[in-house]
Amino acid sequence: MANFNKVILMGNLTRDPSLSYLPSQTPVVDFGIATNRRWTGSDGAPREETCFIDCRAFGRLAENINKYCRKGRPLMIEGRLTFDQWEGADGAKRSKHRITVQNFTFVDSRVGDQAPGEAAEAEPRAEGSAEPPPADDIPF
């Protein structure tokens, strides 16, 4: 039997990313995303449901998410669902599902959002795994 574990979500960051490093010096970033679902109930009243999801990314992705993303920013992520288990300080077993991010895409453009007199910072233009090329490497 074949298996497939892929998650694609688009939502807003619920908190600023938190960057740390593994003992191997691999960067790891933890952040949360909220997704909203809106529908009309059978009684005609509008309804809304929000789902909060914990996410984790490693390596270059972690560094880029930490550098360019802040609370409230919309982001589309692709990854896989992982299940974490641990024992709490009180000795109780704990667990939760988390998205391990394998790629991300910016949903909005922040070029025009800086304050007057503030220099615009370059952002990756493509998927989150690539950094923008240095200006002297552009062939035209």
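Observations, loosely collected:
- Qualifying residue in segment 48-64 (condition: over 17 Å from Asn103 (Cβ atoms) and among the polar types (S, T, N, Q)): yes
- The set of residues in segment 1-44 being out of contact with any Gly (no Cβ under 7 Å at 6 or more places or on another chain) and among the basic types (Lys, Arg) consists of Lys6, Arg37, Arg38.
- Members of segment 54-92 found to be aromatic (Phe, Trp, Tyr) and surrounded by 14 or more Cβ atoms within 10 Å (Cβ to Cβ), listed by number: Phe58, Tyr68
- Matching residues in segment 14-57 - criterion: being hydroxyl-bearing (Ser, Thr, Tyr) and touching a Ser or Thr at 6+ places or on another chain (Cβ under 8 Å): Thr35, Thr50
- Exactly one residue out of Arg47, Arg70 is assigned to a loop (DSSP other than H, G, I, E, B) and of a type outside the set (Gly, Ala, Ser), and it is Arg70.
- With respect to the conditions (1) at pLDDT 95 or above; (2) assigned to a loop (DSSP other than H, G, I, E, B), Leu81 lacks only one, and its number is (2).
- Taking each residue of segment 64-77 that is closer than 13 Å to Asn12 by Cα and looking for partners that are among the hydrophobic types (A, V, I, L, M, F, W, C) and part of a loop (DSSP other than H, G, I, E, B) with beta-carbon atoms closer than 9 Å, six or more apart or interchain, yields Arg73/Val107; Pro74/Val107; Leu75/Cys69; Leu75/Val107; Met76/Val107.
- Qualifying residue in segment 121-129 (condition: over 29 Å from Leu22 (Cα atoms) and modelled with pLDDT under 95): no
- Residue match in segment 31-43 (condition: surrounded by 16 or more Cβ atoms within 10 Å (Cβ to Cβ) and in contact (Cβ under 8 Å) with a residue 40 or more places away in the chain): yes
- Test: residue in segment 5-12 that is exposed (fewer than 12 other Cβ atoms within 10 Å of the Cβ) and small (Gly, Ala, Ser): no
- Checked against the criterion of being charged (D, E, K, R) and modelled with pLDDT of 95 or more, the candidates Arg94, Arg15 yield just one match: Arg15.
The values are calculated or read from the model by the stated rules, or taken from the named source; none is laboratory data. All of these numbers come straight from a predicted model, not from anything done at the bench. Here Cβ is always computed from backbone atoms with ideal geometry, including for glycine, and neighbour counts include all displayed protein chains.
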